[in-house]
Amino acid sequence: METFGARLHRAVRERGPLCVGIDPHPGLLARWGLADDVRGLDRFVGTVVDALGDRVAVVKPQSAFFERFGSRGVGILESTIRQLRDAGSLVLLDVKRGDIGSTVAAYASAYLDPSSPLYVDAVTASPYLGVGSLAPMFELATAHGGGVFVLALTSNPEGASVQRAATADGRTVAQTVIDEISQLNAGVQPLGSMGLVVGATIGETGHDLSRVNGPLLAPGLGAQGAAAADLRVVFGSSLPSVLPSYSREVLGAGPDPAALRAAADRLRDECRAVLAAG
Ligand SMILES: O=c1ccn([C@@H]2O[C@H](COP(=O)(O)O)[C@@H](O)[C@H]2O)c(=O)[nH]1
């Protein structure tokens, strides 16, 4: 069985370094001329999948925008996941789950067990009940070739007061998360399957990402103000492991499928140039 790290490595080589988020904000539905209801959601997501599913390495549905329509929204999420996987994109579900270990085990089976209707290639997870509490996710992901992206240094300004707080040994909270994930990926080739989320907006923070040996998801590009060139400052020598992620910046180009594709291609090429120069 091929690991998630290996599958991601191949997808990025074949399709380029880009993750596109599916975040159907009410404002975007309106701009696309769609109603803020389940039909509008279905049309919006269908257009994105048809336009991008066969050319983008990773697609990241944001679960919140589906959940807000209840069971019918979650039903659309299920079919979206299936269609994206059929089209060849890796699916990273942005759900930021975290809890005590026994509950994390249930989240793991919801997203990382191939028999689940919401089975995806990877999920985002929150480490604030302790990275160790996420062990059932790491274990199920490893067993089935999946991945987990753990929040480390998030793109929002409010994150810093928690994530950069000092622990008893002097490291920041974020650095302890980074170090624990690095241990899980140690020695794995070509890339570990346990990733981190590090926002492109955060600037130079002095955190050491050099031993992560896993993918670094970089949200915050575009709508939140960061540009591809900022990746250099944030990631330095870790640039080759960065997976740049854009949602509204791409989705705002719709609903014309050709315009969606052009936006994704342009951002992928910009990021590829920055990552290659690193
Ligand atoms: O630190 C983080 C972690 C996750 N996100 C998520 O990424 C997208 C960003 O959307 P844009 O439209 O590109 O701003 C969204 O789903 C967030 O929940 C993040 O922004 N920062």
Item to complete: Run A264 past the list (1) in a loop (DSSP other than H, G, I, E, B); (2) buried (at least 22 other Cβ atoms within 10 Å of the Cβ); (3) within 13 Å of the ligand (Cβ to nearest atom) and report the number of the one that doesn't hold.
Response: (1)
Worksheet item: Only one of D54, D86, D99, D94 is farther than 23 Å from P255 by Cβ and charged (D, E, K, R); which?
Response: D99
Discussion item. If I filter segment 221-243 for residues that are farther than 27 Å from A6 by Cβ and part of a helix (DSSP H, G or I), do I get at least one hit?
Written reply: yes
Fill in: Residues (of a type in the set (A, V, I, L, M, F, W, C) and surrounded by fewer than 19 Cβ atoms within 10 Å (Cβ to Cβ)) located in segment 240-261
A258, A259
Discussion item. Within segment 206-259, take every residue that is over 19 Å from the mean Cα position of the chain (by Cα) and of a type in the set (A, V, I, L, M, F, W, C) and give me the one that is farthest from the ligand (Cβ to nearest atom).
Written reply: A258
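Taken together, the values in this text are just the output of simple stated rules run on the coordinates, not laboratory data. Here the structure is a predicted model, which is why all the values come from computation and not from measurement. No Cβ is skipped: glycine too gets one built from the backbone with ideal geometry, and neighbour counts run over all protein chains shown.
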